[in-house]
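Everything below concerns the one structure shown next.
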Amino acid sequence: MARPGHCRAAASAWLPLLVLLLAAGSVTAQTCLSATFTGGRTYLKCNQLPVLGASLHWTYHAENGTADIAFRAQSGSSGWVGWGINPTTQGMQGSNVFVASQDASGVVSVLTTILEDKRAPTLTNVPLTFPVPVPASAEYADNAYTIYATVGLPNNSTSQNTVWQAGQSSGGTILPHPTTGQNMLGVQNLDFLSGTGTAGSNSRLHRRNLHGVLNAVGWGILIPMGAMIARYLRVFEAADPAWFYAHIACQISGYALGVGGWGLGLKLGSESVGLTYQPHRNIGIAIFALATLQVFALFLRPDKKNKYRVYWNVYHHSVGYSVIILAIVNIFKGLNILKPATGWKTGYIVVIAILGAIALVLEAITWAIVLRRRKRNQSYGNGTNGTGLQL
């Protein structure tokens, strides 16, 4: 069993890296508060929407039940973005939406349409079912569209089912949006009075994010740190046997978090009928199988003097490094699927870069120690005291 002191030491070692990862991911949460708009427009409330790099800004006018809206979303110049309200239910179908895009000459325009049939190949410009007192407008700058509109909230209710989406266009023709990843999560019930929003898929989005964090911290940070502890700290005689307990503490913690994230991923997969990220899923299963094999192999570890110990070491190291490589690859695959704010991916890259840099430094230091120790032992074995003098 790992000693409590060593567990605390291991935890304190990876905690700053976790904080760095979380802090990098939270940077974009403040963007809606600092946004500025042309024409001197200002808005009293804003929400940084959870997907598609979008934010919604508005001012609600209780006296007439209208809201001034500014919807901003990241997009390439050949893309389109849309925002709207579904007066009857949650989801895209039946939504009244504003869609911003630009033609081949770069002129930005806004189309208003009702999503009667999600399979419709083209969008038709039609009046919306709720009042739009002022014609909507849009602009494109800094790789983002901004849609400006004033809407009369349906049924004079401040609580509305809102939707948003993004996709590509070709020659001015709006193409269907992707039906994977973030494009399936742009739904939120928003109270225009209080400013609180609850995503229709919020629980699922939260679980997807939790799945990603558990796997990134478990498989992608703690397991590599545990391997580094075993490889490098054991070289220092003063670290024995503390390195072993720290190694076990990291590996058990990483395995526990990783298995939790893996199980949550299976649950999310079972809920996504017809939508399977096959490579991500298969690599995840392989990671779990290999890591579990490592856990059970600990109970079969031969004594250091056993002739089979060398074979066990080869197996233990090869499987362990395979888990680490597969985990890092799969974490990036997961990030590409979830497409979170850029800060999350950047944060994980920074963490991996730090661990890699530490590993390179320790590799050089420990090799120098091992070679010096080996030379000294050879000198003693030859009847010298390590300086070439006969004893």
Which one is nearest to THR129 (Cα to Cα), of the residues in region 173-191 that are open to solvent by less than 40 Å² (accessible area, probe 1.4 Å) and part of a loop (DSSP other than H, G, I, E, B)?
GLY186
Name, by its number, the condition in (1) surrounded by 15 or more Cβ atoms within 10 Å (Cβ to Cβ); (2) not in a helix (DSSP H, G or I) that does not hold for LYS307.
(1)
When you scan region 261-276, do you find a residue that is in contact (Cβ under 8 Å) with a residue 60 or more places away in the chain, of a type in the set (A, V, I, L, M, F, W, C) and closer than 22 Å to PHE244 by Cα, even just one?
no
Assess whether SER55 counts as being within 18 Å of ALA166 (Cβ to Cβ), in contact with a Lys or Arg (Cβ under 6 Å, 6 or more places away or on another chain) and not aliphatic (A, V, I, L, M).
yes
Going by what's in this entry, would ILE352 be described as in contact (Cβ under 8 Å) with a residue 60 or more places away in the chain, closer than 14 Å to ALA216 by Cα, surrounded by 12 or more Cβ atoms within 10 Å (Cβ to Cβ) and within 29 Å of the chain's Cα centre (by Cα)?
yes
Counting only residues that are in contact with a Lys or Arg (Cβ under 8 Å, 6 or more places away or on another chain) and touching a residue at least 60 places away in the same chain (Cβ under 8 Å), which one in region 70-105 is surrounded by the fewest Cβ atoms within 10 Å (Cβ to Cβ)?
MET92
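The values are calculated or read from the model by the stated rules, or taken from the named source; none is laboratory data. Here the structure is a predicted model, which means the values were calculated and not measured. Every residue, glycine as well, gets a Cβ built from its backbone with ideal geometry; the counts of neighbours run over all protein chains shown. Surface accessibility is based on the protein's heavy atoms, side chains included, excluding ligands, DNA and RNA. Shrake-Rupley method; radii C 1.70, N 1.55, O 1.52, S 1.80 Å.
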